[in-house]
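Undergrad: Next up is a structure, given as structure tokens.
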Amino acid sequence: MSNLVEVKVPDIGDFKDVEIIEVLVKPGDTVQSEASLLVLESDKATMEIPSPSTGTVKEIKVKVGDKVSQGTTIMMLEAAVAEQQAKAAAQVAIEKAAVAAVPAASKEAPAAPAPAFDPTRTLLAAPPTAALEPAPSSEGRPHASPSVRKFARELGVDLSGITGSANKGRITKEDVQNFVKQAIAGGSAAASRGMATGVNFAPNLPDLPNVDFGKFGPIETKPLSRIKKISGPALHRNWLAIPHITQFDEADMTELEAFRKAQGADAEKQGVKLTPLAFIIKAAIAALKKFPEFNSSLDRSGENLILKNYYHIGFAADTPNGLVVPVIKNADQKGVLALAKELGELSAIAREGKLKPTDMQGGTFSISSLGGIGGANFTPIINAPEVAILGVGRSGIKPVWNADKQIFIPRLIVPLSLSYDHRVVDGALGARFITFLNGALSDIRRLVL
């Protein structure tokens with residue numbers, strides 16, 4: 001006897017239209033209850049979808065790249081009858097008892113019990129336990145957890161070229177790291193073939209020292225926030241893989257600030273807080289149109305430049321859990337008031353932790369404005385696959401020489417830091433871009449030309 005079950009996406013929180021990055025089973029596979037069926041990935045988390053019961057996969061209704069939400073049907077499962085489930089459970093109990101009987105001197109520890117399903121858990125932080133791993137298919141599919149697969153994808157590594165060192169040939173994160181080190185150091189030809197084209201890797205850097213800080217004084221261990229756990233590896237990758245150049249300049253925003261304050265009251269009547277960042281975005285768009293290389297991306301081969309005819313501007317938003325980068329879509333089609341309104345709305349949603357994945361996708365150029373906090377120049381890290389990012393420091397009054405009057409006069413000066421990918425933008429083009437941007441901020445009348 002059997003029972004055909006329609007497997008649907010369970011409650012995954014506020015996520016909608018989440019992309020499928022991996023299908024872990026195929027028709028005909030036998031799966032256990034709570035075994036992973038497929039993996040979803042948003043900008044904020046990676047999630048596994050478990051099997052609701054033990055049975056056989058009859059039909060898969062989705063594929064890699066499809067987007068699903070809660071309630072979407074993903075496959076049909078022929079569930080086993082209760083007797084079969086009980087038999088399977090008894091067999092598992094026997095195997096666990098056998099493992100428990102292994103002497104303590106055994107090198108292999110018993111597998112950890114499967115954790116309760118948490119749809120918001122990020123696999124970057126998850127331990128690579130056997131309970132999270134799909135069984136290898138008859139086609140020789142590499143034996144690795146979803147977190148290791150995601151790590152390998154970020155590095156451009158083909159897992160089929162790696163031999164796992166863990167129990168039953170499971171590939172660990174350390175295996176992937178060692179594989180990359182061997183390839184960089186001129187390792188085996190097989191390792192070299194495992195590297196995806198168009199991916200840059202860091203030099204074979206020595207490991208950081210493992211220090212016992214507790215022996216020097218009292219310490220406290222505090223886990224990183226979920227946002228930092230996700231963004232950290234991406235920032236590390238971008239910093240190592242992209243040859244950064246950071247160019248500094250100062251913009252005289254005296255007239256622009258006077259205009260902004262004059263319009264502030266009218267903007268508030270419309271429920272809008274008119275901030276300097278809205279004007280900076282408008283000026284940046286003018287510069288991007290003048291120098292389209294800054295509104296582009298390199299393709300995977302690294303031999304072609306993809307010029308984008310749309311202007312989606314990301315901005316760094318400070319939240320209690322860390323920085324996130326919401327994106328204002330089609331910013332070139334919006335006036336300063338509309339930009340200011342959307343800035344306020346997206347910032348509020350970000351602070352509440354309710355940004356949707358689509359709110360942080362598709363950016364073509366990013367701006368990190370720290371003026372409200374403090375500090376002057378800094379070196380912002382490029383948000384790949386973008387090729388440039390603008391950093392804005394805290395404005396201040398500085399004396400500027402007036403040649404006509406032969407005196408120093410006070411002016412409102414804003415420090416700018418422009419980081420760009422040196423493979424796409426050379427120093428001369430970078431200087432032209434920031435000079436043009438500086439001029440637009442110094443005289444807002446240029447924005448209407």
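Undergrad: Summarise the accessible area of region 248-320 (1.4 Å probe, protein heavy atoms) by the percent that is carbon and sulfur.
TA: 50
Undergrad: Next question. For region 275-408, what is the accessible area per residue in Å² when the probe is 1.4 Å?
TA: Here the residues of region 275-408 average 48 Å² of exposed surface.
Undergrad: May I ask you to list the lysines whose Cα is less than 24 Å away from that of Lys58, ignoring any residue fewer than eight positions away on the same chain?
TA: Lys8, Lys26, Lys67, Lys87
Undergrad: Can you tell me the dipole magnitude for region 230-358 around its Cα centre, using point charges on the Cβ only (Lys, Arg +1; Asp, Glu -1), in Debye to the nearest 20?
TA: 480
Undergrad: How high is the relative contact order of region 235-342, given as a whole-number percent (alpha carbon pairs under 8 Å, six or more residues apart)?
TA: Relative contact order here is 23 percent.
Undergrad: Also, I was wondering about something else. Return the FRET efficiency for the residue pair Lys215, Glu174: r is the Cβ-Cβ distance, R0 is 35 Å, and the value is rounded to the nearest 0.05.
TA: Here the calculated transfer efficiency is 0.85.
Undergrad: If you plug each phi of region 65-71 into the Karplus form 6.51 cos²θ - 1.76 cosθ + 1.60 with θ = phi - 60°, what whole-Hz ³J(HN,Hα) values come out, in order, with x for Gly and Pro?
TA: Going residue by residue, I get x, 5, 10, 10, 9, 4, x Hz, with x marking Gly and Pro.
Undergrad: Give the aspartates and glutamates whose C-alpha is closer than 14 Å to that of Lys290, dropping any in the same chain fewer than 8 places away, or say none.
TA: Answer for Lys290, where 14 Å is the Cα cut-off: Asp332, listed by chain and number.
Undergrad: Further question: Label 7 Å along Cα→Cβ of Ala384; region 237-264 residues with amide nitrogen under 12 Å?
TA: Under cut-off, by backbone N: 237-244.
Undergrad: Which distance in Å, rounded to a whole number, links the C-alpha centroids of region 341-414 and region 203-239?
TA: Between the Cα centre of region 341-414 and that of region 203-239, the gap is 27 Å.
Undergrad: If you don't mind, another one. Under the rule of at least 5 residues apart or a separate chain, name every residue whose amide H is placed under 5 Å from the amide H of Leu298.
TA: For Leu298, whose amide H was placed from the backbone, the distant partners under 5 Å are Ile306.
Undergrad: Moving on. Search the structure for amide H atoms under 5 Å from the amide H of Gly363, placed 1.01 Å from N in the peptide plane, and list their residues when 5 or more places away or on another chain.
TA: none
Undergrad: Within 10 Å, count the other beta carbons around each residue, average over each peptide in 18-31, 403-416, and list them highest first.
TA: Taking the mean over residues of other Cβ atoms within 10 Å, the ranking is 18-31, 403-416.
Undergrad: Same structure again: Return the sequence-ordered ³J(HN,Hα) values of region 362-379 in whole Hz as given by the Karplus equation 6.51 cos²θ - 1.76 cosθ + 1.60 applied to θ = phi - 60°, using x for Gly and Pro.
TA: The phi angles translate into x, x, 10, 7, 10, 10, 10, 9, 9, x, x, 9, x, x, 10, 7, 7, 10 Hz.
Undergrad: Mind checking the full-extension length gain between Asn402 and Ser225? Use 0.36 nm per residue of separation minus the Cα-Cα distance, one decimal, nm.
TA: 58.8 nm is the gain from fully extending Asn402 to Ser225.
Undergrad: Listed here are the pairs Lys334/Lys398; Lys228/Lys329; Lys341/Lys405; Lys229/Lys354; Lys229/Lys356; Lys150/Lys356; which of them are more than 29 Å apart at the Cα?
TA: Lys334/Lys398; Lys341/Lys405
The values are calculated or read from the model by the stated rules, or taken from the named source; none is laboratory data. Computed from a predicted structure; not experimentally measured. Note: ideal-geometry Cβ built from the backbone for every residue, glycine included; neighbour counts use all protein chains shown. For accessibility, only protein heavy atoms count, side chains too; no ligands or nucleic acids. Shrake-Rupley method; radii C 1.70, N 1.55, O 1.52, S 1.80 Å.
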